[in-house]
Amino acid sequence: MHIVVLIKQVVATTNVKLDPETGTMIRDGVESILNPFDEYAVEEALRIKERMGQGKVTVVTMGPPQAKEIIRKAVGMGVDEGILVSDRLLAGSDTWATAYTLSQVLKKIGDFRMIITGKQAVDGDTAQVGPEIAACLDLPMIAWVRKIESISETQIRAERLMEDGFDVLESPLPAIISVVKEINEPRLESLKGKMRAKKYDPQVLTVADLPGFEVSQVGLKGSPTKVFKTFTPQRQYKGEMIAGEPAQAAANLYEKIKTLKIV
Amino acid sequence: MNYFLTEEQQMILDTARALAKSKIKPVREKYDEEGIFPWDIVKEMAAADLMGLYIPEQYGGMGGGVFALCLAVEELSKVCGGISLAMAATALGTFPLLLFGSEEQKAKYLPGIASGKHLAAFALTEANAGSDAGNMATTAVRDGDDYILNGTKQWITNGGEAQIYSVVAMTNKAKGTRGATAFIVEKGTPGFEFGKKENKMGIRASATRELVFNNCRVPAKNILAKEGMGFIVAVNTLNNSRPGVAAQALGIAAGALEEALLYSRQRVQFGQPISSIQAVQHMLANMATEVEAARALVYATARTIDSGEKSFAKISAMSKLFASEVAMRVTTDAVQVMGGYGYMKEYPVEKMMRDAKITQIYEGTSQIQRNEIALQLIKEAAKMK
């Protein structure tokens, strides 16, 4: 069974700074890592392969040339192959343009039985690309998978995490699933994996390598999302200090919250 | 200090460090408290390819030699000197095979150890044969193509958990130390049982147990080297394994130093962090200097062994002696720097101090190491004449 895991390189911080001039993320001086949720996706693919006793795991990412680093990380964990789609024409693509591009890569790969993604990337936090790929390829999707109960070449049965519990869903394969962190504990890169990763040179595709690729669908111009303005909101703390002896201060505080009808 | 590690050695260090931080640190207190064997961590070490570091590549290992083993044991011991022992004691049990095993024995047993599926153990000590190993009472009597083992081995690290045991027994008492023979005995061999499980001061995540041989039949093809060479096997094994204990001691010391240093910068007394107080500074300075000196000696010893140099009994004993004494002093001082908090189980240094103590005792006490060093010194001096 060939499993494709879609991964993304993100900045290693939750405190993303935006350039007020261009509205884009400031990446300079910030370490880049494999999107943490994607580690669970890679781990689950490796576990499925191990459970089935055979198969192949390929990771695919779209990004600048330095995104090869996260492919190497995945190779260190044990995946078989990695593909990077990298092209200047793709710069500025939104989630839809990204999903379109990745679906074209998946069409080129062809023989996959399953696609796994992390539930979302920690930079954009949209959780849109997975479902959009399902739409592009007309595949069934189970999002927020917390457990795969059973899997065969043709069928998957999985638990989908919900706010008030979980659903058990079945789907024919091929299908796409996105996974939550409850699903597993990602393995560390092994020594032999790291040694292979050090020498590993992933396949790099440009849009010219993708048959029938429509350039008008991607990049800043091809993206339906238009960003008019981005800014980091100013945080304002309006606290009021209630001074005085403790007993008096407590009484004053009580009066205030009574006035505000909190009690 | 720059030890000019190769890229591969740096990878080993990074892998062990990552594993210690993410897998061992969160559970070390639990294992110390409950005194259970950390099989789940051993599986993680195996998955990270750390269990076969010192085993040649042709048997599924990484071929990194004693130095690779020391690097990994040091990193793991910085976080937990008890859990790291599953690896170090397996190396101790594997050296007899590596050094004296036949091609057939190596091909049969080493791949399982290299993959981390099997642990190994070394069984020399008995109730009345500690430093005086020649006083052992366990016997092996030839019977056709087999030997019949009888007796009890004591304080065997990885006892009960390991699959493969290198056991030294007397085949001819009249010959004294030339009458001992080393055997490979597999767990599950009829007549081979496990006895008392020890309740220890430190290294509580490590299994220490009696091995009981009661008419245990072991095929003659399981002899390591030849009949009568048991003590040669044992001495050479210990010469090779002592840097591993030294690395464990070094790791424990380095871990305690780090904890004390971090704490000293946070703890405020007399209106300042205690790291500003010269009395504390001098303690930290001594601790750091000793740790670095121990590291230099351990690394140099491991590299000497890996270089193929034949004579290393002296430096091997020196590295074990020095690193274990440093571990005891540094962990004791770490508790002192941290004062009352250091003495409490909420902080890891009291455990480090308990774990450090054994490194001065097992695989030859500090006193036995000094005997060995002096013996080698005198031999060298005699040769110079």
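Give, as a single signed number, the net charge of other residues whose beta carbon lies under 13 Å from the beta carbon of B:Val212, with Lys and Arg counted +1 and Asp and Glu -1.
+2
Which lysines, on any chain, are close to A:Lys199 with Cα under 17 Å apart, when same-chain ones fewer than 8 places away are left out?
A:Lys68, A:Lys73
Please list, in order along region B:38-50, the HN-Hα scalar couplings obtained from phi with the Karplus expression 6.51 cos²θ - 1.76 cosθ + 1.60 (θ = phi - 60°), rounded to whole Hz, x for Gly and Pro.
x, 4, 5, 6, 4, 5, 5, 4, 5, 5, 8, 6, 8
Write down the Kirkwood hydrodynamic radius of region B:121-228, to one decimal in angstroms, obtained as one divided by the mean of 1/r over all alpha carbon pairs.
13.8
Which distance in Å, rounded to a whole number, links the C-alpha centroids of region B:183-201 and region B:1-18?
Comparing the Cα centres of region B:183-201 and region B:1-18, I get a distance of 35 Å.
Treat the count of other C-beta atoms within 10 Å as a stand-in for reagent exposure and order A:Cys136, B:Cys80 from fewest to most.
If I rank by nearby Cβ atoms, fewest first, I get A:Cys136, B:Cys80.
Which pairs in the list A:Lys56/A:Lys107; B:Lys106/B:Lys175; A:Lys49/A:Lys108; A:Lys49/B:Lys21; B:Lys196/B:Lys314 are over 24 Å apart, alpha-carbon to alpha-carbon?
From the list (A:Lys56/A:Lys107; B:Lys106/B:Lys175; A:Lys49/A:Lys108; A:Lys49/B:Lys21; B:Lys196/B:Lys314), the Cα-Cα distance tops 24 Å for B:Lys106/B:Lys175; A:Lys49/B:Lys21; B:Lys196/B:Lys314.
For q = 0.19, 0.20, 0.25, 0.31 Å⁻¹, what log10 I(q)/I(0) does region B:84-139 give under the Debye formula with an equal point scatterer on each alpha carbon and no solvent?
Rounded to two decimals, the profile gives -0.75, -0.80, -0.95, -1.13.
In vacuum, with every alpha carbon of region A:110-250 counted as one equal point scatterer, what does the Debye formula give for log10 I(q)/I(0) at q = 0.09 Å⁻¹? Two decimals, please.
Values returned for q = 0.09 Å⁻¹ are -0.52.
Working from the alpha-carbon coordinates of region A:205-263, get Rg over Rh, Rh being the Kirkwood radius.
Here Rg/Rh amounts to 1.61.
Bin all alpha-carbon pair distances of chain B at 20 Å intervals from 0 and give each bin's fraction as a whole percent.
All Cα pairs, binned at 20 Å, distribute as 29, 57, 13, 1 percent.
Calculate how large, on average over all directions, the projected area of the Cα convex hull of the protein assembly as shown is; give the answer in nm² to one decimal.
It is 40.5 nm².
Quick one: which residues, 5+ away or cross-chain, put their amide H under 5 Å from the amide H of A:Val59? H built at 1.01 Å from N.
The answer is A:Val5, A:Glu81, A:Gly82, A:Ile83.
For region B:272-347 and region A:147-218, what is the separation of their C-alpha centers, rounded to whole Å?
46
Arrange B:Lys320, B:Lys345, A:Lys8, A:Lys147 by Cβ neighbour counts within 10 Å, fewest through most, would you?
Listing B:Lys320, B:Lys345, A:Lys8, A:Lys147 from fewest to most nearby Cβ atoms yields B:Lys345, A:Lys147, A:Lys8, B:Lys320.
Summing Lys, Arg as +1 and Asp, Glu as -1, what charge do residues with Cβ under 14 Å from the Cβ of B:Lys345 carry, B:Lys345 excluded?
Local charge sum for B:Lys345: -3.
At 1.567 mPa s and 4 °C, plugging the Kirkwood radius over alpha-carbon pairs of region B:133-196 into Stokes-Einstein gives what diffusion coefficient in µm²/s?
Once the numbers are plugged in, D ends up at 104 µm²/s.
Under a cut-off of 20 Å between alpha-carbon atoms, report the aspartates and glutamates in cross-link reach of B:Lys108, not counting same-chain residues fewer than 8 places apart.
By straight Cα distance, B:Lys108 reaches B:Asp49, B:Glu57, B:Asp145, B:Asp146, B:Glu161, B:Glu186.
Expressed as an acute angle from 0 to 90° and rounded to the nearest 10, what is the orientation of the C-alpha long axis of helix B:313-343 relative to the principal long axis of chain B?
Long axis of B:313-343 versus the principal axis of chain B: about 40 degrees.
Rg (Å, one decimal) plus Dmax (Å, integer) for the alpha carbons of region B:7-118?
When restricted to the Cα atoms of region B:7-118, Rg and Dmax are 13.7, 42 Å.
Please list, ordered by chain and number, the residues whose modelled amide H lies under 5 Å from the amide H of B:Glu126; skip anything fewer than 5 residues away on the same chain.
Long-range HN contacts for B:Glu126: B:Gln154.
Mind checking the alpha-carbon convex hull of region B:231-384 and giving the volume per residue in Å³?
Enclosed volume per residue, from the Cα hull, is 116 Å³.
For the pairs A:Lys8/B:Lys78; B:Lys78/B:Lys379; A:Lys17/A:Lys192; A:Lys8/B:Lys117; B:Lys25/B:Lys357; B:Lys23/B:Lys197, note any where the Cα-Cα span goes beyond 32 Å.
Table pairs above 32 Å Cα-Cα are A:Lys8/B:Lys78; B:Lys78/B:Lys379; A:Lys17/A:Lys192; A:Lys8/B:Lys117.
Going by how many other Cβ atoms sit within 10 Å of their own, how do B:Glu259, A:Glu81 line up, fewest first?
Taking fewest neighbouring Cβ atoms as first place, the list is A:Glu81, B:Glu259.
Taking K and R as +1 and D and E as -1, what net charge do the other residues with C-beta under 14 Å from the C-beta of A:Lys107 add up to?
-3
Please list, in chain and number order, the residues 5+ apart from A:Ala143 or on another chain whose amide H is under 5 Å from its amide H, with Hs placed from the backbone.
A:Ser178
Based solely on its DSSP helices, what 222 nm [θ] is calculated for the protein assembly as shown when runs of n ≥ 4 H residues each add -39,500 (n - 2.57) and the sum is averaged over all residues, nearest 500 deg cm²/dmol?
The helix contribution divided over the protein assembly as shown gives -14000 deg cm²/dmol.
With only alpha-carbon pairs counted, each pair once and no self-pairs, how large is the Kirkwood hydrodynamic radius of region A:2-222 in angstroms?
About 17.7 Å, per the Kirkwood formula over Cα pairs.
Read-outs: derived from the displayed coordinates by stated rules, not from any lab. Just so it is clear, the structure is predicted and the values come from calculations on it, not from any experiment. Here Cβ is always computed from backbone atoms with ideal geometry, including for glycine, and neighbour counts include all displayed protein chains.
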